[in-house]
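The values are calculated or read from the model by the stated rules, or taken from the named source; none is laboratory data. Only a predicted model underlies this, so the values are computations on that prediction, with no experimental measurement involved. Neighbour counts run over all protein chains shown; Cβ positions are idealised from the backbone, glycine included.
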Amino acid sequence: MQLLKPNPASGVPIYLQLKEQIRHACETGALRPGDSLPGIRALAESMVINPNTVARVYRELEQEGLLELRHGVGAFVATRPGTSRWTAARSGQMKAAQKAAKTFVQELKRRGIGSDEIRRLVEAELATHDGRVPLVG
Amino acid sequence: MEISSVKQAYAIETEALTKYYGDFEAVRGLSMRVPKGTITGFLGQNGAGKSSTIRMLLGMSRPTRGNGRVLDFDIADEKQSIEMRKRVAYVAEDKRLYDYMTVGQMIDFTKVFYPGWRTEIEQKLLDEFRLPLDRPTKKLSKGMRTQLALLLAFARGAELLVLDEPTEGLDPVMAEKLLELVVGAAADGATVFFSSHQISEVEQIADRILLIDRGQLVLDTTLESIATDFRRIRGVYDTAPKPATLALDGVQRVTVDGRTVSVIVTRNSISIAERMRAQSASAVEVLPMTLKEIVLESLRREGGSGTGEA
């Protein structure tokens with residue numbers, strides 16, 4: 001599993017970035033049910049982030065049913081049926097979505113929109129979509 | 001001496017800690033807490049009182065007033081302070097070493113004092129740093145001195161690591177290596193308290209930050225709170241409102257510049273943005289703030305630029 005070092009200055013908490021990455025890895029099939037994740041220490045050292053952050057992410061993903069923590073053994077992608085949001089169909093959908101996102105970003109970049117501006121536009125759209133107060137408006 | 005068996009929540013606690021050097025008040029009534037098991041970044045400009053504070057915490061200088069506890073040992077009590085120092089590893093800014101010893105002698109000399117010495121860490125770091133065991137420490141390069149000082153500190157298996165500008169003078173590869181060591185020590189349950197001017201590295205590994213200015217605490221928060229709660233909200237008005245109308249819970253500072261009103265908030269960004277929209281501000285933007293922006297904002301002095309008023 002290839003996890004990227006989080007960007008601390010992005011305005012998104014590091015723990016959310018890590019959580020998203022693990023979720024994403026499950027959705028795209030990079031991580032499959034039963035696969036093991038690195039230990040807290042190993043992941044903290046390889047990403048050079050706070051081990052408390054890793055522990056928290058594992059705990060929260062366990063509560064969400066995505067991971068199973070086996071005491072003294074480590075963290076695994078959950079194998080329980082019913083919680084498999086990352087089934088083959090889902091994984092195909094996510095790959096297609098990733099492509100669409102890529103095209104979208106490339107197109108906006110071509111029009112001279114910067115990364116921060118894109119981020120803000122997407123945030124505002126999501127906020128409107130989810131019925132929250134938009135960040136830009 | 002009675003060592004409390006009750007688990008203390010804080011590795012470091014100070015109460016109105018004050019230090020005078022002659023007339024100069026280096027530390028002015030500093031009350032702060034460092035929770036156990038955290039990596040806490042200690043920030044402040046040069047001369048803000050960071051090193052003076054660290055020296056008092058480690059029993060190297062006596063507080064003029066106030067008190068403090070480190071690992072629940074009283075910092076002003078000589079006997080307790082010695083006991084405390086066995087459990088604390090300290091890497092000073094100047095990476096002091098005994099110049100007449102070789103690298104190997106320095107390591108052997110140090111480890112006899114510490115029953116918790118971690119041979120595997122010593123070996124790992126010797127390999128990684130490729131330190132020449134028979135070279136006198138006097139003849140080490142600056143980078144190697146730092147590496148040796150770090151080896152001596154990290155191999156001790158200390159409960160608390162106090163690092164004063166640990167990455168100062170290290171190249172980027174070594175600096176990242178050091179951060180890895182810090183993260184590894186924290187994974188082993190150690191508390192890490194480190195001062196730094198490298199805001200990006202603090203942002204990367206710390207859970208908490210303490211910012212001091214002129215000997216006083218000006219910010220005590222978590223990195224998570226910075227990422228989720230601290231915001232800069234900007235709104236454009238036809239006629240700018242009085243800053244007082246935006247004196248809401250969470251508002252840190254309101255700056256009016258022509259038609260643009262900029263508000264720094266530490267929480268409640270959504271309701272504050274709503275208030276601005278209700279005041280018929282157009283184009284209200286809520287922007288995340290980086291730790292750097294927050295530090296600069298917290299260190300603003302009266303009489304600086306802007307017509308700030310909070």
In this structure, does residue B:156 turn out to be more than 23 Å from residue A:6 (Cα to Cα) and buried (at least 23 other Cβ atoms within 10 Å of the Cβ)? yes
Residue B:212 - would you say it is under 28 Å from residue B:170 (Cα atoms), buried (at least 17 other Cβ atoms within 10 Å of the Cβ) and not basic (Lys, Arg)? yes
Determine if region B:186-193 includes at least one residue that is among the hydroxyl-bearing types (Ser, Thr, Tyr) and crowded, with 18+ Cβ neighbours inside 10 Å. yes
So which residues in region A:32-57 are aliphatic (A, V, I, L, M) and at positive phi? A:48
Quick check on residue A:85: is it at pLDDT below 85, under 18 Å from the mean Cα position of the chain (by Cα) and not in a helix (DSSP H, G or I)? yes
For region B:23-40, give me the residue count where each residue is out of contact with any helix residue (DSSP H, G or I) (no Cβ under 8 Å at 6 or more places or on another chain) and away from every other protein chain (no Cβ under 14 Å). 8
Do we have residue B:40 as of a type outside the set (A, V, I, L, M) and outside any strand (DSSP E or B) here? no
Among (1) over 21 Å from residue B:152 (Cα atoms); (2) within 20 Å of the chain's Cα centre (by Cα); (3) aromatic (Phe, Trp, Tyr), the one test that residue B:20 misses: (2)
Note on residue A:78: of the conditions (1) on the phi < 0 side of the Ramachandran plot; (2) touching a Pro at 6+ places or on another chain (Cβ under 8 Å); (3) within 14 Å of chain B (Cβ to nearest Cβ), unmet is (3)
Select the strands (runs of 3 or more DSSP E) contained entirely in region B:184-262, then report the ones holding at least 1 residues which are among the polar types (S, T, N, Q) and farther than 30 Å from residue B:275 by Cα. B:191-195, B:216-222
Pairs only if they're at least six apart or on different chains, beta carbon under 8 angstrom, first in region B:1-21 and at pLDDT 90 or above, second surrounded by fewer than 15 Cβ atoms within 10 Å (Cβ to Cβ) and in a strand (DSSP E or B); list them, first residue then second. B:14/B:31; B:15/B:31; B:16/B:31; B:16/B:65; B:17/B:31; B:17/B:65; B:18/B:65
Report every pair of residues separated by at least 6 positions or lying on different chains whose Cβ atoms are under 6 Å apart, first residue within region B:182-206 and without any contact (Cβ under 8 Å) to a residue 40 or more places away in the chain and facing another protein chain (nearest Cβ under 7 Å), second part of a loop (DSSP other than H, G, I, E, B) and crowded, with 23+ Cβ neighbours inside 10 Å. none
Got at least one residue in region B:110-127 being basic (Lys, Arg) and within 30 Å of residue B:75 (Cα to Cα)? yes
How about region A:32-71: which of its residues are among the hydroxyl-bearing types (Ser, Thr, Tyr), more than 9 Å from chain B (Cβ to nearest Cβ) and surrounded by fewer than 16 Cβ atoms within 10 Å (Cβ to Cβ)? A:36
Consider region A:1-28. How many of its residues are away from chain B (no Cβ under 14 Å), out of contact with any Phe, Trp or Tyr (no Cβ under 6 Å at 6 or more places or on another chain) and at pLDDT 85 or above? 5
Please find, within region B:72-107, the residue that is nearest to residue B:141 (Cα to Cα) out of those that are of a type in the set (Val, Ile, Thr) and surrounded by fewer than 21 Cβ atoms within 10 Å (Cβ to Cβ). B:102
Looking at (1) among the β-branched types (Val, Ile, Thr); (2) more than 27 Å from residue A:7 (Cβ to Cβ); (3) within 29 Å of the chain's Cα centre (by Cα); (4) surrounded by fewer than 18 Cβ atoms within 10 Å (Cβ to Cβ), which one does residue B:228 not meet, given that it meets all the others? (2)
